[in-house]
Amino acid sequence: MSEHAPDPKEPAGRTGRLPTAARPPRGGSDRMEQSLSAAAYEGGGAKEKARRFWAGRRVPAAILAALATAGVGLVLYDVAAVRAGRKAMTWRRRIAGELAGRPLDDPWMIGGAAAALLIGLWLLALALTPGLRALLAMRRPAGLTGGADVRGGLHRSAAALVLRDRAMEVAGVQSVRVDVGRRKVKARALAHFRGLDEVRGDLDAALTAGLRELGVARPLALTVHVRRPPKR
């Protein structure tokens, strides 16, 4: 990761964390939980339209193709056997008798139709949605020539790990959890010294800078929560 300029809010000359025995300033509440909902992260440069990556859907397509091939092949074999003078298979005679004898309001008929409808809607959703929800589209590199369609993606877990490392560099942060979604980033930190407002401000600045360095195409809204560790 490239080096970045130090945060102007951090104390000059600080190279590590302050001692854990340091006490919070007077007037602060150890039980108080404070949160900061920053505005949507605004990356540098012009905002571009983020195109999501489309999944190959290999597993659902393979399962559907295998089931369809097996079912159609079995039906064609039975029809050919009947044309050759043999009796139809028991399962096909039973299904034909059930369909001919059961009314449309029968629970089995309604259940079968509902199951077929749900499977059809699921397959339709797989065909019309891109998938790969865990992958964030990144901005195109500046100065790209030749018309090549070069696109980059960043896994949300990797982005959360990078932001967590940036958050742990803030003085006063004991532990932090960062959750990166498709549109929002939530950080929950425990501050064992310094004022909660100071830690929250430095943490918000550090994570905002980290989001900018990630280079994602779609701006992500940042929410920061800071509180004291529970007393034991």
Residues satisfying the stated conditions in segment 100-127, i.e. outside any loop (DSSP other than H, G, I, E, B) and more than 30 Å from residue 55 (Cβ to Cβ): 100, 101, 107, 108, 109, 110, 111
Meets criteria (among the small types (Gly, Ala, Ser) and in a loop (DSSP other than H, G, I, E, B)) for residue 97: no
Some residue of segment 192-204 being surrounded by fewer than 17 Cβ atoms within 10 Å (Cβ to Cβ) and at pLDDT below 90: no
Check on residue 105, open to solvent by less than 70 Å² (accessible area, probe 1.4 Å), more than 30 Å from residue 182 (Cβ to Cβ) and among the charged types (D, E, K, R): no
Count - residues of segment 159-191 that are open to solvent by 40 Å² or more (accessible area, probe 1.4 Å), among the small types (Gly, Ala, Ser) and within 24 Å of residue 131 (Cβ to Cβ): 0
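The values are calculated or read from the model by the stated rules, or taken from the named source; none is laboratory data. None of the values given here were measured: they were computed from a predicted structure. Here Cβ is always computed from backbone atoms with ideal geometry, including for glycine, and neighbour counts include all displayed protein chains. Just the protein is used for accessible areas: all its heavy atoms, side chains included, with ligands, DNA and RNA removed. Shrake-Rupley method; radii C 1.70, N 1.55, O 1.52, S 1.80 Å.
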